[in-house]
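All remarks here apply to the structure that follows.
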Amino acid sequence: MVDVRYQTEFTLYPYQKVTEQDAPAPVRHPVAIIGGGPVGMGMALDLGLKNIPCVVLDDHDGVGTGSRAICFAKRTLEICDRLGACDPMVDKGVIWSVGKVFRENRQIYEFNLLPEDGHKHPAFINLQQPYFEKYLVERIHEVQARGTPIEIRGRNRVQALEIRDDHAALAIDTPDGPYEMEADWLIACDGARSAIRGLMGLSFEGRVFEDNFLICDVRMKADFPTERRFWFNPPFNPGQSVLLHKQPDDIWRIDFQLGRDIDRQAVVRPGFYEPRVNAMLEGVKWTPEWVSVYTFQCASMEKYRHGRVFFAGDSAHQVSPFGARGCNGGMQDVDNLAWKLALVIEGKAGDALLDSYHTERKHGAEENIMNSSRTTDFMTPRTGIAKLFRESVLDLVEHTPAMRPLVNSGRLSVPCTYDGSPLNGPDAPGLPRRTRPGSTLADAPVEGGWLIDRTGGTFRLLAIGCAAETVEANGITARVLDVAATDVIRSRYLGRARQAIYLIRPDQIIAARWTGFDADAVASAIKHATAG
């Protein structure tokens, strides 16, 4: 990454010496989280709200610079809402659901990412990553004041790591010198250049492609609508693609695809990017806020769990920027791991449950990588046949609706379905496929609010059109949420059935479903969903 101008950096957790640094022996912590980005802070907040003590170690003292991730999907907003951090994000962010695709300078296609009503949250908001991180940290500070066991240590850099049978031992450097600490569990959320991955001698597998993008954040007053705009082969970036997004504070994000072989120093100079931006904006006055080159790859670690060490976010998997699957996928890692680790620490589930984190989230990462790879193949075809296919689709899409699903300017982030997960329980026939076991809860309006607000954090039983009772199994309680069979609920949860019972996991994933209540069957499904 090469920056030519920096946005404001928020210093949120300045370095402070702790008494532990002078302790005669290393202090043991239940959970240590390495990395203070969105995934690390989200993980700390989720665990802390479950009353699991954790400490975040970050080698800086606040959020980074530049817009970086900007598109936050509906599922991420639902997760942040459960954590109590969503409202300022939506208030600050730019809400959008419509995308338009251009070929050269002509619009050929338009799509809506949330065409149906009955959801609390929008399809996407655009919000610079520094603000997203800031609101997570502010929420942590808020719950810290109430005694929630989360600690953030800025400018604490992990220098060495030893994995032992029952804990991880860390050597940490600070402005006041080194110290050592121990952790029962270690979660690496330290990004694409993960120090923990390097210290453990681990690497990525399956490198699919690499590409370079010039990211230009510009400040301007413009009448462009609030939508995603994507160009194939525009005159202001011939032979490549361009993406335009509106951000808060009159900042607009422009992504210029550059290809593989570039001079990284030359492309961040005004002489390279100014003519392109001027040609694109056609007379609109603008000033640069942040210009950077990013090199992206599609890659994944072979395993996301290594004994007492877990990898999440970019430290575990990476994808291209088109599709907004990076940070959104990382927040789904948080959603998946936190409840499982909490149950194991509390003694309510066995160690095998933690293996399902790798199983489920590797499935999600592979889906993201597949979609990102297909996007790249379509955007920059590497063979004559691939280019012929791309050009033929673009020729037809304007007048042939059936071709529209083939246009690939970035399949935008949606939560994957954990088909085949070892945690999935029974699935009754005749119920809608969209809410099968392994699927994310489909939000809907319910009496007094939203379905998404009535679930999450614990196991719940969703009862539609029939009576049910609280079920307890292995110390885990699933209380009943009675929901009226409105047209929306019927469409999303009943289909042809007259009644249904759904078991919802703490991460709002559907674990099992039936067309009638059976306490023993529910108890068995809870045991299955927590056994791994």
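The values are calculated or read from the model by the stated rules, or taken from the named source; none is laboratory data. Values in this document were obtained by computation on a predicted structure and should not be read as measured data. Ideal geometry is used to build each Cβ from the backbone, glycine not excepted, and the neighbour counts take in all protein chains shown.
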| note | Scanning segment 399-414 for residues that are part of a loop (DSSP other than H, G, I, E, B) and either modelled with pLDDT under 85 or of a type in the set (A, V, I, L, M) (or both) gives 407, 408, 409, 410, 411, 412, 413, 414
| field | segment 151-183: number of residues that are surrounded by 15 or more Cβ atoms within 10 Å (Cβ to Cβ) and part of a strand (DSSP E or B) | value | 18
| Selection from segment 118-150 of residues that are surrounded by fewer than 19 Cβ atoms within 10 Å (Cβ to Cβ), of a type in the set (D, E, K, R) and either assigned to a helix (DSSP H, G or I) or touching a residue at least 40 places away in the same chain (Cβ under 8 Å) (or both) | 120, 138, 142
| message | It is to be established whether one or more residues within segment 194-205 are within 24 Å of residue 70 (Cα to Cα) and either more than 20 Å from the chain's Cα centre (by Cα) or in a loop (DSSP other than H, G, I, E, B) (or both). | response | yes
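Residues checked against (1) modelled with pLDDT of 95 or more; (2) buried (at least 17 other Cβ atoms within 10 Å of the Cβ); (3) among the hydrophobic types (A, V, I, L, M, F, W, C):
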{"site": "190", "(1), (2), (3)": "yes, yes, no"}
{"site": "193", "(1), (2), (3)": "no, no, no"}
{"site": "197", "(1), (2), (3)": "yes, yes, no"}
{"site": "201", "(1), (2), (3)": "yes, no, no"}
{"site": "214", "(1), (2), (3)": "no, yes, yes"}
{"site": "217", "(1), (2), (3)": "no, yes, no"}
{"site": "230", "(1), (2), (3)": "no, yes, yes"}
| said: Suppose the filter is within 19 Å of residue 474 (Cα to Cα), without any contact (Cβ under 8 Å) to a residue 60 or more places away in the chain and not charged (D, E, K, R); does residue 523 pass it? | reply: yes
| query | Hey, among the residues in segment 421-438 that are over 26 Å from the mean Cα position of the chain (by Cα) and of a type in the set (A, V, I, L, M, F, W, C), which one's nearest to residue 528 (Cα to Cα)? | reply | 428
| request: Would you confirm whether any residue within segment 282-303 is surrounded by 23 or more Cβ atoms within 10 Å (Cβ to Cβ) and among the polar types (S, T, N, Q)? | output: no
| task | Return a yes/no flag: does segment 485-502 have any residue that is over 30 Å from the mean Cα position of the chain (by Cα), assigned to a helix (DSSP H, G or I) and surrounded by fewer than 16 Cβ atoms within 10 Å (Cβ to Cβ). | result | yes
| field | Matching helices (runs of 4 or more DSSP H) fully within segment 270-389 where at least 1 residues are more than 30 Å from residue 104 (Cα to Cα) and touching a residue at least 12 places away in the same chain (Cβ under 8 Å) | value | 326-345, 352-379
| note | Scanning segment 300-354 for residues that are aromatic (Phe, Trp, Tyr) and touching a helix residue (DSSP H, G or I) at 6+ places or on another chain (Cβ under 7 Å), the one farthest from residue 509 (Cα to Cα) turns out to be 322
| said: Among the numbered criteria (1) assigned by TED's automatic domain parsing to the domain that holds residue 187; (2) in contact with a Leu (Cβ under 7 Å, 6 or more places away or on another chain), which one does residue 293 miss? | reply: (1)
| said: Take the conditions in a helix (DSSP H, G or I), among the charged types (D, E, K, R), in contact with a helix residue (DSSP H, G or I) (Cβ under 7 Å, 6 or more places away or on another chain) and modelled with pLDDT under 85 and apply them to residue 434. Does it pass? | reply: no
| request: Look at segment 468-496 and say how many of its residues are closer than 22 Å to residue 450 by Cα and touching a residue at least 60 places away in the same chain (Cβ under 8 Å). | output: 5
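This table checks each residue for (1) acidic (Asp, Glu); (2) closer than 30 Å to residue 308 by Cα; (3) in the same structural domain as residue 318 (by TED's automatic domain parsing).
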{"residue": "179", "(1), (2), (3)": "no, yes, yes"}
{"residue": "186", "(1), (2), (3)": "no, yes, yes"}
{"residue": "214", "(1), (2), (3)": "no, no, no"}
{"residue": "223", "(1), (2), (3)": "yes, no, no"}
{"residue": "231", "(1), (2), (3)": "no, no, no"}
{"residue": "238", "(1), (2), (3)": "no, no, no"}
{"residue": "252", "(1), (2), (3)": "no, no, no"}
| With 110, 138 as the choices, which residue is of a type in the set (Asp, Glu) and modelled with pLDDT under 95? | 110
| Selection count, segment 304-322, where residues are surrounded by 24 or more Cβ atoms within 10 Å (Cβ to Cβ) and at positive phi | 1
| request: Can you work out which of the residues in segment 440-466 that are closer than 18 Å to residue 338 by Cα and surrounded by fewer than 20 Cβ atoms within 10 Å (Cβ to Cβ) is modelled with the lowest pLDDT? | output: 457
| query | For residue 39, all conditions in the list (1) over 11 Å from residue 133 (Cβ atoms); (2) in contact with a helix residue (DSSP H, G or I) (Cβ under 7 Å, 6 or more places away or on another chain); (3) modelled with pLDDT of 95 or more hold save one; what is the number of the exception? | reply | (1)
